[in-house]
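To start, the structure under review is shown below, and the notes come after it.
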Amino acid sequence: SKGEASRWSAHVARLPEAPAHCLLHWSSDELEELRGSDVFTLAARWREQIRSDFDEVSVLAEGTWPWLTRETYTWAITMAWSRAITIEGRKTFVPVVDMLNHSPASHTTHGFDEARGAFVVRRAAPAAAGDELTIVYEHAPNARLLLLYGFAMPLDRAAHGGRTLHVGLGRDAPHRVEKVAILAGLGVKEEATGEKPFVISEAIPIPEKLALTLYAQRCDLDQLGRLTAYPDREPAPLRAALSDLVDACDAMLANYPSNDADDATALADDALPPRKRLALLVRVPERRALEACRREAAVRRGALETGPGAD
């Protein structure tokens, strides 16, 4: 509201109108290309939340901030999501740093230096004059990159492949408090409570933390507690957990509107519309991760059914 009197006015003036492919600006047909991915649902919720929040804010700001419109409010939200850096749990604008592009192969590290009282970007390798300085926004699946930043990385960038899964213990799950405490001792607290998602990929189809959480959902307290001393898991609840995972993968895979062969053909088309390409860069690695997860779960379940201890 200070306009040019603000110390940040010159920086704000250089900010773009919005990320070119911000999901807030996708049409309904374009968003349909994301069906099957969590980002399809999250984008719809985000759009509705912004509309609702603006309606509340505009009433409070009436007559005070004449420049505040739905368009300027939406622009501010997109800037906060796509350019702010999280420092100690708070979204923070860091001028100049927010102009740096993302590269998963970046040689830099960045963060707040308490001793210097400043945000610092450090490059680990020498740079030649004219080299672009980049940072790693985050090692996250393409769905998150598209949702927050409006872009997705090529399929050959393994760091951005995969799919997130939210499979924490339900709030009404039997013995939830006790099970979460045991899982926390095994290093799985945030995922077990649903605060943090699991990430599956073709390289790691069933992360150990995911396997532990699924097992916890199916076993009793004694069986779960014994894991702190003995890593072996009881066959019956383990089989049930793996069956749950197979069924969940099947349900999620059924929601995707295409198959791998069709998507590969589409991606090879240079005339493919940019937003459809982005949607495929989300869908393809997600579906491949789910297929790998399902295969691995089925193999492990099969081994239990035919190996020692099988019913």
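The values are calculated or read from the model by the stated rules, or taken from the named source; none is laboratory data. Keep in mind the model is a prediction, meaning the values are calculated, not measured. FYI the Cβ positions are ideal-geometry reconstructions off the backbone, even for glycines, and counts take in every protein chain you see. These accessible areas exclude ligands, DNA and RNA; they are computed on the full protein's heavy atoms, side chains included. Shrake-Rupley method; radii C 1.70, N 1.55, O 1.52, S 1.80 Å.
Worth a mention:
- Some residue of region 141-148 being polar (S, T, N, Q) and without any contact (Cβ under 8 Å) to a residue 60 or more places away in the chain: no
- Scope region 37-76; condition farther than 30 Å from Ala248 by Cα and touching a Leu at 6+ places or on another chain (Cβ under 8 Å); matching residues: Ile50, Val57, Ser58, Ala61, Thr74
- Among the candidates Ala236, Ala229, Ala216, residue that is modelled with pLDDT under 95, over 22 Å from Glu138 (Cβ atoms), hydrophobic (A, V, I, L, M, F, W, C) and open to solvent by less than 30 Å² (accessible area, probe 1.4 Å): Ala216
- Which numbered condition Val94 misses (of (1) open to solvent by less than 90 Å² (accessible area, probe 1.4 Å); (2) within 19 Å of the chain's Cα centre (by Cα)): (2)
- Just one of the listed residues (Phe151, Phe119) is touching a residue at least 24 places away in the same chain (Cβ under 8 Å), in a loop (DSSP other than H, G, I, E, B) and of a type in the set (A, V, I, L, M, F, W, C), and it is Phe151.
- The one condition in (1) without any contact (Cβ under 8 Å) to a residue 12 or more places away in the chain; (2) in contact with a helix residue (DSSP H, G or I) (Cβ under 8 Å, 6 or more places away or on another chain); (3) under 30 Å from Ala18 (Cα atoms) that Ala184 fails to fulfil: (3)
- Residue satisfying all of: in region 158-172; open to solvent by 30 Å² or more (accessible area, probe 1.4 Å) and assigned to a loop (DSSP other than H, G, I, E, B); farthest from Leu210 (Cα to Cα) among these: Asp172
- Taken together, Ala264, Ala279, Ala271, Ala289 contain a single residue that is farther than 29 Å from Gly168 by Cα and surrounded by 12 or more Cβ atoms within 10 Å (Cβ to Cβ), which is Ala264.
- Elements of type helices (runs of 4 or more DSSP H) in region 1-68, at least 1 residues being at pLDDT below 90 and open to solvent by less than 50 Å² (accessible area, probe 1.4 Å): 9-13, 38-61
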